[in-house]
Amino acid sequence: MNFNNNTQTYPAENELDERDGRYLRKAIVWSHAARRRGNRPFGSVIVSASGEVLAEAGNSNTETGDCTAHAEVNALRALAGRNISREELAGATLYASGEPCVMCAGAIFWSNIGRVVFGIDAERLRVFRGERQDQRDAELSCRDVFRASPHRIECIGPALIDEASAAHDGAWKA
Ligand SMILES: [Zn+2]
């Protein structure tokens, strides 16, 4: 894909209400924390319908050597054993500083979380990732995964693009 092409169309930015903005910014704070610790700059926060933060995490790929340690998966794993019902998770929102990858979208599906709000989208992320094979993602959007789900998963994003992009500036190998 050629990102220097001016005809490239990028997804438009979504407006967020105050609450969604607050929690997405919290996920962005985690993305900076992950980068400071040497990991990919991604963060995620899971919030219940009543506004309780259920879990929050950054990417820990480098620290753990675990290729599945994406921020969303780390946050979802932090829910394990907490006796949070599927009904409660259906009303919860997962905030992600970057658009969830195919693996994370699948994990979100299995969690039964019913709503996702993300910052920078995969297309814009690919500009930062560049053409290096070890940094490229599988080009299937999270919305395609969610659309295949038998239960509804609402998806909002991209949003706060500039703020969510900042952690990626200079974070990927040229
Ligand atoms: Zn992921």
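The values are calculated or read from the model by the stated rules, or taken from the named source; none is laboratory data. All values reported here derive from a predicted model rather than from experimental measurement. Note: ideal-geometry Cβ built from the backbone for every residue, glycine included; neighbour counts use all protein chains shown. The area values use the complete protein model at the heavy-atom level, side chains included, leaving out ligands, DNA and RNA. Shrake-Rupley method; radii C 1.70, N 1.55, O 1.52, S 1.80 Å.
Quick one: what pairs do we get from region 120-134, first residue under 13 Å from residue 171 (Cα atoms), second assigned to a strand (DSSP E or B), C-beta under 8 Å, 6+ apart or different chains? Final answer for the pair search is 125/98.
Kindly check whether there is at least one residue in region 76-83 that is over 17 Å from the mean Cα position of the chain (by Cα) and in contact (Cβ under 8 Å) with a residue 60 or more places away in the chain. No, region 76-83 contains no residue that is over 17 Å from the mean Cα position of the chain (by Cα) and in contact (Cβ under 8 Å) with a residue 60 or more places away in the chain. Those strands (runs of 3 or more DSSP E) of region 59-161 in which 3 or more residues are in contact with a Phe, Trp or Tyr (Cβ under 7 Å, 6 or more places away or on another chain) and of a type in the set (A, V, I, L, M) are absent. Checking each residue of region 111-119 against the condition of being under 22 Å from residue 35 (Cβ atoms), open to solvent by 50 Å² or more (accessible area, probe 1.4 Å) and among the β-branched types (Val, Ile, Thr) gives no match.
Residues 18, 87, 72: which one is within 16 Å of the ligand (Cβ to nearest atom) and at pLDDT 95 or above? Result of the check over 18, 87, 72: 72. Residue 64 meets each of the listed conditions (1) open to solvent by 10 Å² or more (accessible area, probe 1.4 Å); (2) closer than 24 Å to residue 127 by Cβ apart from (2).
Taken together, 51, 106 contain a single residue that is open to solvent by less than 30 Å² (accessible area, probe 1.4 Å), within 12 Å of the ligand (Cβ to nearest atom) and more than 24 Å from residue 165 (Cβ to Cβ), which is 106.
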